[in-house]
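Visitor: Sharing a structure below in structure tokens format, with a few things to ask.
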2 protein chains.
Amino acid sequence: LVKREVTQVFTPGTVLDTELLQPRRNNFLAAVLLSGNHWGLAYADVSTGEFCTTQGSDRAELVAELNRLQPAEILLPSEAPDINRVLRPGEAKDQLPAELPPQWCYTLRSPQDFQAAEARQRLCQRFQVKSLEGFGCEHLPLAMRAAGGLLAYLDETHRQQPVPLQNLSTYSIAQYLFLDPQTRRNLELTQTVRDGSFQGSLLWAIDRTTTAMGGRLLRRWLLQPLLDIEQITARQDAIAELMANSSLRQSLHRHLQEIYDLERLAGRAGSGTANARDLAALRDSFRTLVSLATVVTATQSPYLQALAHLPPVIEQLADTLSAALVDQPPISLTEGGLLRPGAYPELDQQRQQIEQDQQWILNLEAQERERTGIPTLKVGYTKVFGYYLSVSRAKLNQVPDDYIRKQTLTNEERFITAELKEREARLLAAQSHLFELEYQYFVQLREQVAAQASTIREIAAAVAAVDALLGLAEVALYQGYCRPQMTRDRQLQIRGGRHPVVEQMLPAGFFVPNDTELGTSADLMVLTGPNASGKSCYLRQVGLIQLLAQMGSYVPATSATLGVCDRIFTRVGAVDDLATGQSTFMVEMNETANILNHAGDRSLVLLDEIGRGTATFDGLAIAWSVAEYLATTLKSRTIFATHYHELNQLATLLPNVANYQVVVKELPDEIIFLHQVKPGGADRSYGIEAGRLAGLPPVVIQRAREVMRQIEKHSKIAVGLRKS
Amino acid sequence: LVKREVTQVFTPGTVLDTELLQPRRNNFLAAVLLSGNHWGLAYADVSTGEFCTTQGSDRAELVAELNRLQPAEILLPSEAPDINRVLRPGEAKDQLPAELPPQWCYTLRSPQDFQAAEARQRLCQRFQVKSLEGFGCEHLPLAMRAAGGLLAYLDETHRQQPVPLQNLSTYSIAQYLFLDPQTRRNLELTQTVRDGSFQGSLLWAIDRTTTAMGGRLLRRWLLQPLLDIEQITARQDAIAELMANSSLRQSLHRHLQEIYDLERLAGRAGSGTANARDLAALRDSFRTLVSLATVVTATQSPYLQALAHLPPVIEQLADTLSAALVDQPPISLTEGGLLRPGAYPELDQQRQQIEQDQQWILNLEAQERERTGIPTLKVGYTKVFGYYLSVSRAKLNQVPDDYIRKQTLTNEERFITAELKEREARLLAAQSHLFELEYQYFVQLREQVAAQASTIREIAAAVAAVDALLGLAEVALYQGYCRPQMTRDRQLQIRGGRHPVVEQMLPAGFFVPNDTELGTSADLMVLTGPNASGKSCYLRQVGLIQLLAQMGSYVPATSATLGVCDRIFTRVGAVDDLATGQSTFMVEMNETANILNHAGDRSLVLLDEIGRGTATFDGLAIAWSVAEYLATTLKSRTIFATHYHELNQLATLLPNVANYQVVVKELPDEIIFLHQVKPGGADRSYGIEAGRLAGLPPVVIQRAREVMRQIEKHSKIAVGLRKS
């Protein structure tokens, strides 16, 4: 048996064991450093070795970034007395600085590790550099200190063998389209609002990746859409190339199916936790990569070309592992059977000796039958007593003197001999020696792999990108997406746009496509229409198309010309939060205020039912004033869905406001939802009709109609609202 | 080493391993059988042995019951081709019958196991009975068939050793206060709506239990409040007795801290998966129970008395385990060290032999030094080669002939002798024999415990109840709860009521208590008031107080007289569900229709902002009509919170409607929220004020005020609504 020692402390953010990790999601450990409104944020995935850091000057951006990462654990320097305490989600909110959301798991750490000098030294030492200039954070103190604090924690939790990290990479959140937490939530990017399930999310609708690496990368692309048109175009080009070549797609797909999670396998090899199956998986993946390189030789896109020239060391590793490892090794490393016979002479010799002893015991039965003249004598084995010679009660008188009595059963007597026990002991010792040797040779193999961990990771990244792009190409083909033309102006023009998730939930052909035009003549669209007619769906569809385009994907439309946005804002639905004393309406107003304080003329703003949570007049007044502000001051491209039909008057007052409605066909007894968005304002909401469909008792519906007629007789609101 | 075989198939609902289970929640496996609108539902927790079944005739009740149980896995008979497939949450909705929520994990099963004859036979055989009469389901075919189908699955997944189940218990959902899923959700009984966290839930606020068993039982009480006044009173009496006796409380608390999770330990012993630490935990718990029995001798409540007379067999088991097991056994069962020296002569003998051999090897160094005349000769040990004799290079010429060369190092040579290897082999064999014997004796001990599993479970249930009641007494004392007087009439009278969760979130003394009076003169309260003034909080506080009272707890109020309710309904907030095509308003209307179709004069109905999701006039008309219907036709006790101030006119038209408002103090520049509920209707909502507090830009606020003045000038809705 191999000796075991405690060499690691496991915490939610430092797990390396693949079985505890979700294959298609990164498991991030984050470290946060606050200084006034400024902040530093570093994060690492110990299973893939990724290690990044950034800093910023707006706490809301920090929260958004944490929301994107969904870290399993967040380190936080603290002067609190119970340092190193782990705050489980929701625990001890009072120990957290304002605005840090309590739903994550925080670990309080000594501020010492986050000090500039200490952090710099630790990072330089780990990565064997003299300055952090090359990593881009020499002059970003908060980013550097956060990274140093994170590394200190990893060093502490993985004492024996340092976590194999990739080089530190500094990024800027200004490189990416900014999505605040509620927008990420409202657009249902990775889970639905209603029940938090993956099915029904945008990622669910577009993820056709084959490998777990590809799945993780696609998730990252989705949560970090691009701002740079050239980067977007590069992805579009790759997708176009893949769409045009079906045999390339099929061949890639076949190969990708044979490639295991290289990123995490490299991590496990590097940290000394890989077992023989992990190395076998690497061996098989390397072989596939060799063959894959020939598949992509004739391609154009740099994404595909990245796989055409495999580093020779990978091929060498494939050969080494093939020669040494058996085809399907067992999980246990300490019970032998790992290494191929013939690969190591020393092992073969040991095996031979074991075989001889086993053979001797096998021969013993015949030999002893002859010697004693007992034809029924048998050699047996039990776990408790080991090997024995069994003689039936009737033949006991024929037992020789050198037999030692060991156990008496009803009909037989069991014996051993000195020689038998000696052989048995030798066999046992030889076997345990063989296992030990196999283990040692295996560790050597693993170290050979570990030495190439960073090369393996580079290839893994290239494979992941190809996988993600191949998946996007498949979606584009089978769902009929188009390549959006990306521009630097404010145009947002979509023809035949569809909601990428809802269209897949409906039978083919059932989804009604709609056009959108913003940023050219009109900036703000007032959208009215009956309940349940699809206003919310339309609103989100526009946001999702813009987002897909900026992650480099094709989009569900017949054609689209899209100016790059700096931010997408949404305000739809809300739940109140009694615990923090926020009413639904206050939550709504907070979110609205956030939008009005941050949106600009490059932003896309999607507002659903502003002003709904308060009294009629208050709500209408707020909705009106917010819409005016967006159209005249901020000039954001905005879709403003509302039940206040009074807002249709805005279009007559402001030149860049246009009215649209979702139309229905009204029959005597029912209304038919056409789901078509057309110019013009609606004048009815059919709320009572919706109540009827939902099953309100007929007498209630009847009475509601009477009340409605009474109200209509006596009211005319919203006259004279021309802005002075 | 002990041989391992695959003897169990693990599925989400059949896990026995304590480490995979949450200690304070049951892990339920459920089986559902549908027949038109009728249904049967059985469930079991294999870790505690609980096994219950019921049937009903309304699918909504089934969904509510499943929501209460939150099963880890649901079995469903199906004719689908891929039988035995597990549908992960959200997967393959189309394979599920309508209305069964897709967020759980379903396992499709052959209808065979659910057939009446087969199910009855299987149940009778398992529990060794001739008829199911005694279990109460002989004449409830759907309940019986569901239970049979569940048992068939357990038999299949646990082939080797049947899961130790308690007797089947048939219950009726009519015994309990009915809570539909949205009410359970809206009242935040076990998790918050906003982020699903435990902190901020009612259970969080009242759970002061010490043991995991007590925690699970309290959760069950919370989700299954009672209807029977006698049962409620029994719990109140126990709480009263505990509150009056602080030394009893302290002593109970101290004892409970020493009691492990008896329910699950009994289950693990019964299923043959308990390790030595589990038995040690049982031993320590039994000892504590012996001492606990004396603590409760002088008590009155049957709940407490249940612990006064411990079955003698438990005391015997405590003695047996104490004598046999070491104080702190290791986790592994196969590496010895489990059993106390002196307890088993056979083991002692074996240990003695091992010691002799060890001593022989220890003596060898001195002996061989003398024989060879090499003073530096050493006996060493490596994992690979075992014991050896080490001689320095300089003394090689003095090595005797019987030394066998084994390994050459730089400065020393290592040897073995035949005798040394023989002793080593004997030592190895003897040790593994000792481990094997220890294991066998341990298994015998475990079987002795398993034979008493049902007795242990009975005690566990009694301990859990005392723990839950002790926790409720602590909450009542420290939070200043009162004992509600329960009546059979429709009265709902609360003096100084508080929200049990929110009051604990605020600094002591900050929460503003309020009175409530319903069911005597007024049945329906129209509640108006500004945004964020606390209407939602007040609404839920009344629901939570009623619910706490019906689970037998004291309530956060200065006094309360409460008629027992048959159902509590709530309709607050909503999120839309694009995936199923439901708009927010449709969800709201569906839930409202459900209430109007099920509520009666014994129900408590809590409605927040009905009609908010549609146009103003539609919404007001629906709100008016729903309120009228509740007050005049259903006569449910209702709180109707609304922003439609027009509804205040209802009170002048209907005798059993009363107006209440949450009052604020209006200053020139701000409003102060007083959180006081007083008679009378509010006429303003201060929505714009709320927007200002939330940080809307000042120019937006200014403009909203102007718009508001314009609207008010031109409108008078809600005149002439007297019901004809």
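The values are calculated or read from the model by the stated rules, or taken from the named source; none is laboratory data. Just so we're clear, the structure is a prediction, and the values are computed from it rather than from any experiment. As a convention, Cβ positions derive from the backbone with ideal geometry for all residues, glycine included, and neighbour counts pool all protein chains shown. Accessible surface is based on the protein model in full, side chains and every heavy atom, while ligands, DNA and RNA are left aside. Shrake-Rupley method; radii C 1.70, N 1.55, O 1.52, S 1.80 Å.
Visitor: Enumerate the amide H contacts of A:GLN485 below 5 Å, restricted to partners 5 or more residues apart or on another chain; note that Pro and chain-start residues carry no placed amide H.
Guide: Counting only residues 5 or more places away or on other chains, the set is A:ALA560, A:THR561, A:LEU562.
Visitor: Tell me the trypsin sites (Lys or Arg not before Pro) within the range B:376-409 that lie in a loop according to DSSP and have at most 12 other beta-carbon atoms within 10 Å. Walk me through the numbers before you get to the answer.
Guide: Numbers: sites: B:LYS378, B:LYS383, B:ARG393, B:LYS395, B:ARG405, B:LYS406; in loops: B:LYS383.
The qualifying sites are B:LYS383.
Visitor: Put a label point 7 Å from Cα along the Cβ direction on B:THR372, then list its distances to the equivalent points in the other copies in nm, shortest first.
Guide: So the label point of B:THR372 gives 4.0 nm to the other copies.
Visitor: Follow-up. With n ≥ 4 as the cut-off for DSSP H runs, can you work out [θ] at 222 nm for chain B, using -39500 (n - 2.57) per run divided by the number of residues, rounded to the nearest 500?
Guide: Here the helix-only value at 222 nm equals -13500 deg cm²/dmol.
Visitor: If I take every Cα pair under 8 Å that is 6 or more residues apart in the range B:345-441, average their sequence separation and divide by the length, what percent do I get for the relative contact order?
Guide: Working: 98 pairs, mean separation 26.8, N = 97.
Answer for the range B:345-441 is 28 percent.
Visitor: Which order do A:LYS678, A:LYS535, A:LYS130, B:LYS421 take by accessible area at a 1.4 Å probe, largest first? Intermediate values should be presented prior to the final figure.
Guide: Values: A:LYS678 95, A:LYS535 15, A:LYS130 200, B:LYS421 55 Å².
Of A:LYS678, A:LYS535, A:LYS130, B:LYS421, the descending order of accessible area is A:LYS130, A:LYS678, B:LYS421, A:LYS535.
Visitor: Could you compute the longest span of chain A free of chymotrypsin sites (Phe, Trp or Tyr not before Pro) located in DSSP loops and having at most 12 other Cβ atoms within 10 Å, not counting the site residues?
Guide: Values: sites that count: A:PHE10, A:PHE510.
In short, A:11-509.
Visitor: Follow-up. Measuring label to label, 7 Å along Cα→Cβ, what does B:TRP360 give against each other copy in nm, shortest first?
Guide: 1.9
Visitor: Normalising by the residue count of chain B, find the relative contact order in percent from Cα pairs under 8 Å and 6+ residues apart. Show your work: numbers first, answer last.
Guide: On the way: 1267 pairs, mean separation 82.7, N = 724.
Across chain B, relative contact order equals 11 percent.
Visitor: My understanding is that a pair violates if its Cα-Cα distance is over 22 Å; which of A:LYS713/B:LYS678; A:LYS713/B:LYS713; A:LYS678/A:LYS713; B:LYS378/B:LYS421; A:LYS421/B:LYS421; A:LYS635/B:LYS713 do that in this structure?
Guide: Going by Cα-Cα distance, A:LYS713/B:LYS678; A:LYS678/A:LYS713; A:LYS635/B:LYS713 fall outside the 22 Å limit.
Visitor: Obtain the nm distance between the two label points defined at A:HIS139 and B:ASN37 by a simple spin-label model: each point lies 7 Å from its Cα along the Cα-to-C-beta direction.
Guide: The answer from the label model is 7.5 nm.
Visitor: So what's the angle, to the nearest 10 degrees on a 0 to 90 scale, between helix B:535-550 and the longest Cα principal axis of chain B?
Guide: 60 degrees
Visitor: With a Förster radius of 45 Å, plug the Cβ-Cβ distance of B:SER392 and A:GLN444 into 1/(1 + (r/R0)^6) and report the FRET value to the nearest 0.05.
Guide: About 0.90, to the nearest 0.05.
Visitor: I would also like to ask the following. Relative contact order (percent) for the range A:515-672, with alpha-carbon contacts under 8 angstrom and 6 or more residues of separation?
Guide: Details: 227 pairs, mean separation 58.6, N = 158.
37 percent.
Visitor: How far apart are the A:GLN161 label points across copies, placing each 7 Å from Cα toward Cβ, in nm, shortest first?
Guide: List, nearest first: 3.4 nm.
Visitor: Once the whole set of protein chains is in place, how much accessible area is left on A:ARG249, using a 1.4 Å probe, in Å² to the nearest 10?
Guide: 20 Å²
Visitor: Just tell me how shielded A:590-597 is by partners: mean number of partner chain Cβ atoms within 10 Å of each residue's Cβ, no decimals.
Guide: Counting Cβ atoms of other protein chains within 10 Å of each residue's Cβ and averaging gives 4.
Visitor: With every protein chain in place, what's the accessible area of B:GLU436 (1.4 Å probe, Å², nearest 10)?
Guide: 20 Å²
Visitor: Here's something else I'd like to know. What is the sum of charges, Lys and Arg at +1 and Asp and Glu at -1, for the other residues whose Cβ falls under 12 Å from the Cβ of A:ALA318? Let's see the in-between values first.
Guide: On the way: positive: A:ARG283, A:ARG287; negative: A:ASP284, A:GLU315, A:ASP319.
Surrounding charge for A:ALA318 is -1.
Visitor: While we're looking at this one, here's another question. Quick one: how many Å² of A:ASP58 are accessible to a 1.4 Å probe, rounded to 10?
Guide: Accessible area of A:ASP58: about 40 Å².
Visitor: Provide B:SER322, B:SER172 ordered by accessible surface of protein heavy atoms (probe 1.4 Å), highest first.
Guide: On the way: B:SER322 25, B:SER172 50 Å².
Reading off the accessible areas and sorting them downward yields B:SER172, B:SER322.
Visitor: Under the definition of partner shielding as Cβ atoms of other protein chains within 10 Å of a residue Cβ, what is the mean value for peptide B:183-196?
Guide: Working: counts 0, 0, 0, 1, 0, 2, 0, 0, 1, 6, 5, 10, 8, 4.
Average neighbour count from other chains, rounded to a whole number: 3.
Visitor: Which residue of chain B is nearest the rotation axis onto chain A, counting by its Cβ, and what is the distance in whole Å?
Guide: Residue and rounded Å distance to the axis: B:ALA425, 1.
Visitor: Taking 7 Å along the Cα-to-C-beta vector as the label spot, tell me the B:ALA244-A:ALA429 distance in nanometres, rounded to one decimal.
Guide: 7.7 nm
Visitor: Rounded to the nearest 0.05, what FRET efficiency do A:LYS665 and A:SER521 give with R0 = 35 Å and r taken as the Cβ-Cβ distance? Could you check?
Guide: Values: r = 29 Å, r/R0 = 0.82.
With a Förster radius of 35 Å, E is 0.75.
Visitor: Using 0.36 nm times the number of residues separating B:GLN359 and B:VAL326, minus their current alpha carbon distance, what extension gain do you get?
Guide: Full extension from B:GLN359 to B:VAL326 adds 9.4 nm.
Visitor: Using a Förster distance of 22 angstrom, determine the FRET efficiency expected from the C-beta separation of A:VAL313 and A:SER291, and round it to 0.05. Numbers along the way, then the final one.
Guide: Working: r = 17 Å, r/R0 = 0.78.
Rounded to the nearest 0.05, the efficiency is 0.80.
Visitor: Oh, and also: When the solvent-accessible surface of protein heavy atoms is calculated with a 1.4 angstrom probe, in what order do B:GLU588, B:GLU138 fall, highest first? Show your work: numbers first, answer last.
Guide: Values: B:GLU588 10, B:GLU138 40 Å².
The ordering from most to least exposed comes out as B:GLU138, B:GLU588.
Visitor: Further, regarding this structure: Please give, to one decimal in nm, the separation of the simple spin-label points placed at B:LYS678 and B:LEU409, each 7 Å out from Cα toward the Cβ.
Guide: Modelled inter-label distance: 9.2 nm.
Visitor: Determine the shielding of peptide B:680-693 by partner chains: average, over its residues, the number of Cβ atoms on other chains within 10 angstrom of each Cβ. Don't skip to the answer; put the middle values down first.
Guide: Working: counts 0, 0, 1, 1, 3, 8, 3, 13, 9, 2, 10, 16, 2, 4.
For this peptide, the per-residue mean of nearby foreign Cβ atoms is 5.
Visitor: Using Cα centres only, tell me the gap between the range A:180-255 and the range A:463-494 in whole Å.
Guide: Cα centroid of the range A:180-255 versus Cα centroid of the range A:463-494: 9 Å apart.
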